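Everything below concerns the one structure shown next.
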Amino acid sequence: MRKFILLGCLAGLFNFANAQIQLQRDTTFGNNGIFTYNQGNGYGAEIFIQDDNSLLLTNNKTDMIPNRYVVKISPNGTLDNSFAQNGYLQLDNSPDTFHIFLQGNGGKFYINYADPYVSPINNRIISYNANGTINTNFSNNGTFTYNFGIWDGYFTSTEDGGLLLTKTNGFTKYLNTGNLDQAVGTNGVVTFNNSYYSVEPIAAKGNKLFFDNFAGTKRVDVHTPSVVEKEEASIYVNPILYENYNVRVKNNYGLYYFRSTKDPNYSNLFTTIRLMKTDENLLPSSFGNNPYIDLPINPNGSSGVIYTPNGNYLIIGTPQTSGPSSFLAYNENGSQINVNSQQFFTDSGIPPYLSFVNLYSKGNAIYMVGVNGNNVSVIKYNITENQSTLGTTENSTDDTIVVNNPFGNSIIAKDEKKSILKMDLYSYSGTLILSTNKKEMSTLNVPKGNYILKITTKTGVVNKKLIKVD
C-alpha cells in the first residue's frame with residue numbers, strides 16, 4: 001500500500017509523478033460540505049468521529065473558558081437535535097477547571113473535569129451515553145472522583161472503552177464500568193522504571209501503550225504477563241545543537257515524528273521541519289531510501305503543523321492567517337503526486353481566515369475544523385485514488401499470503417509469516433470500500449464486482465485483484 005502525505009505548503013518543490021488523488025468536498029454534508037455553528041467564543045474546537053459517522057465537537061480541551069459544550073452533528077452535517085438539549089450538552093463552566101474529552105465505545109464518552117493546580121478538590125470523570133445523558137452504570141452513579149492534579153497523572157481512553165491512568169512510575173487500567181481491570185498487571189496496576197518527572201500518553205492501541213516521558217518515546221505492552229518496555233532513544237538523539245522533537249501522530253503500526261530544527265544563530269527561528277517515523281517496536285523506518293523527509297513548509301511562517309492519520313494517507317496541513325490552505329501530496333518514497341490534477345490545490349470555497357485549524361479522518365473521509373470569530377466550521381472532504389495511483393497489477397512480493405478469490409460474504413487472508421498489518425478493499429475507481437487491521441474482512445454488504453485488495457505487511461505491500469460473485 002502506498003501512503004500519501006498531504007500538507008499545506010508554503011514553499012518547496014518535488015519531482016512530479018503521473019499518479020494523482022482526488023480531494024473533493026462532500027456536498028451531501030451540511031451546506032455544500034460545510035457545517036457552521038456559533039460556539040460563543042473564539043477559541044479552538046476538536047472533533048471526535050463516532051462509529052455511525054456522527055461527530056462530537058467540543059471547545060479546545062486546554063481552554064478554561066465559559067460557554068463550554070459538546071455539540072453533536074449527524075452524519076449528513078446537520079445538528080442532531082435528539083442529543084442532550086437540542087444538540088448541545090452544557091459542560092461545567094467553573095473558571096479554574098479544564099474539561100478533557102475521552103472517547104468511549106458504543107457512542108459513549110467521558111468528560112474529565114480537572115483542576116490543574118496543586119491541590120485539586122473536585123476532580124472527576126463523568127460518563128455519558130450516546131444521547132448526552134449521564135451513564136449511571138459507570139462508577140458511582142456516573143461519576144469517578146480522584147484527588148490529584150493533571151500534572152501528576154494523565155487519563156486517556158482505550159480501545160475497549162475503558163480508561164488508563166498514567167503516572168510517573170506506571171499506570172492503572174479501568175474498565176468502562178469504572179472498576180479496575182483485573183486482567184492487567186496486578187489488580188489493574190502496572191509499574192515500570194522511569195527516572196523523569198512526567199509521563200504523558202501518546203496513544204493506546206490494542207495491547208500497547210505509547211507514551212512520552214520527555215526524554216524519549218516508550219512503548220509498554222500492557223496486556224502481556226510480563227511488562228515489556230521499549231524505548232527508541234535515537235529519535236531524541238541531538239547531534240545538532242538546538243533541535244526539538246515532538247511526537248505528533250501514531251498510525252496503525254508505528255509513530256510519526258516532526259522535528260523542528262532551530263537556527264543556531266537565531267534561537268527563536270527554525271530552519272526545517274523534518275518528518276521521521278518508527279515501526280511499532282520504535283525502530284527507525286525510512287521513506288524508501290530516505291531516512292527522513294524535510295517538509296516543504298516554512299517553519300517560521302505558520303502557526304503549527306496539523307495532521308491526521310488516514311487509512312492510506314498521512315494528511316498534513318499548515319494553518320494560514322491569510323486564507324485557505326494549499327495542499328501538496330507525495331508518496332512515501334518522496335515522489336510528488338498531483339492533487340486534483342494540480343501541483344498545489346487550494347479550496348477557495350471554504351470560510352477564509354480560519355484559526356485553530358485541525359484535521360481528522362475516518363475511512364476515505366477527511367474533516368477540517370477551524371474557528372472564525374465565534375463561528376466553528378467543519379468541512380468534510382472525500383479522498384479517492386485514481387487507478388494509476390492505486391495500481392491494478394497484482395504485486396506478489398509475498399506469495400505466502402493467500403486470499404479466497406472469488407469471495408462472497410467475507411475475505412480471509414492466510415498468512416504463514418503472520419506479517420499482515422492491514423487490509424484495504426478498493427473499487428477499481430480508487431474509492432476505499434472497507435478497511436481492517438485483521439486478517440478477515442466482512443463483505444456482506446459489498447455488491448458484486450471487481451475490486452483491489454491492498455495488504456500492508458511488515459515488509460511491504462501486496463495488491464490483489466479480487467472478484468465478488470455473490
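Scanning segment 162-177 for residues that are crowded, with 19+ Cβ neighbours inside 10 Å, in contact (Cβ under 8 Å) with a residue 40 or more places away in the chain and not in a strand (DSSP E or B) returns a single hit, 176. Taking the conditions (1) modelled with pLDDT under 65; (2) touching an Asp or Glu at 6+ places or on another chain (Cβ under 9 Å); (3) open to solvent by less than 50 Å² (accessible area, probe 1.4 Å) in turn, residue 319 satisfies each one other than (2). Pairs meeting the criteria (first residue in segment 74-100 and at positive phi, second residue open to solvent by 60 Å² or more (accessible area, probe 1.4 Å), beta carbons under 8 Å, at least 6 apart or on different chains) are 77/28; 77/31; 84/90; 84/131; 84/133; 87/81. Residue count for segment 151-160 under the criterion of being closer than 20 Å to residue 137 by Cβ and surrounded by fewer than 19 Cβ atoms within 10 Å (Cβ to Cβ): the result is 2.
Look at (1) surrounded by fewer than 17 Cβ atoms within 10 Å (Cβ to Cβ); (2) without any contact (Cβ under 8 Å) to a residue 40 or more places away in the chain; (3) of a type in the set (A, V, I, L, M, F, W, C) and you find that residue 125 fails only one, number (1). Taken over segment 107-120, residues that are surrounded by fewer than 19 Cβ atoms within 10 Å (Cβ to Cβ) and among the hydrophobic types (A, V, I, L, M, F, W, C) amount to 1. Out of curiosity, is residue 104 surrounded by 18 or more Cβ atoms within 10 Å (Cβ to Cβ) and of a type in the set (Gly, Ala, Ser)? Here the answer is yes, as residue 104 does meet what is asked.
If a residue must be assigned to a strand (DSSP E or B) and either open to solvent by 30 Å² or more (accessible area, probe 1.4 Å) or over 14 Å from residue 75 (Cα atoms) (or both), how many such residues does segment 353-368 contain?
The qualifying residues number 8.
So for segment 90-107 (the condition being part of a strand (DSSP E or B) and more than 22 Å from residue 375 (Cα to Cα)), does at least one residue qualify? For segment 90-107, residues part of a strand (DSSP E or B) and more than 22 Å from residue 375 (Cα to Cα): present.
Taken as a whole, the condition of being modelled with pLDDT under 70 and surrounded by 18 or more Cβ atoms within 10 Å (Cβ to Cβ) does not apply to residue 190.
When the criteria are applied in full, residue 439 meets the requirement of being within 28 Å of the chain's Cα centre (by Cα), basic (Lys, Arg), modelled with pLDDT of 85 or more and closer than 28 Å to residue 21 by Cβ.
The values are calculated or read from the model by the stated rules, or taken from the named source; none is laboratory data. The structure presented is a predicted model; accordingly, all values stated were derived computationally and were not measured. Note that we place each Cβ from the backbone using ideal geometry, even for glycine, and neighbour counts take in every protein chain shown. For accessibility, only protein heavy atoms count, side chains too; no ligands or nucleic acids. Shrake-Rupley method; radii C 1.70, N 1.55, O 1.52, S 1.80 Å.
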